[in-house]
Amino acid sequence: MCFYNTSIYHILSLPYNYFVNLAKLWGEILSNKQIGERIADLRTDHDMQQIELADILGIHRSVLSRIEKGHRPIREDELLRIARHFHVTTDYLLGNDPPLQEGNETYYTHREKEHLRKYRAIGYENEKHVDALLDSFYNAIPDEDKQQKN
């Protein structure tokens, strides 16, 4: 019981900066995950195995795996090599660019292509239900958050 109270008092006595830094770290973990997902999507869209991309980057496959899972931050040189290899901007990989363009067509990630394939396969009547559901989710988002997401 005393240990429990001591722990709570200890947590409450931590400086404000501790919590700010913790929040920043959490944000970095989330952005690492987003970057990793984009890299994994690009890799699978190009029918590449992790070992193939890791060899191109000059890193071990396990390192690439940790990057794709968001468990390891990507280094600047790795980010540049991935962007050059897949002909994308580093801003796209970091989540700051609009959807990619390939020729005159919008570039879709593997996940987006799967959603579109399923949507087209369900037929007109079911598409109306999906449209209504998607509209209800979209309308629940505050207007200031309705910017285009990548």
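Computed from the coordinates by the stated procedures, all read-outs in this text should not be read as laboratory data. This is a predicted model, so every value here is computed, not measured. Backbone-built Cβ (ideal geometry, glycine too); neighbour counts: all protein chains shown.
Details
- Neighbours of Lys69, meaning other residues whose beta-carbon lies under 11 angstrom from its beta-carbon, give a summed charge of +1 when Lys and Arg score +1 and Asp and Glu score -1.
- From phi via Karplus (6.51, -1.76, 1.60), per-residue ³J(HN,Hα) for region 77-83 in Hz, x at Gly/Pro: 5, 5, 4, 5, 5, 5, 4
- Annotation for Asp135 and Ala121: the two label points, set 7 Å from Cα along the Cα-Cβ direction, are 2.6 nm apart.
- The modelled label-to-label distance between Gln49 and Glu144, using points 7 Å beyond Cα along the C-beta direction, is 4.9 nm.
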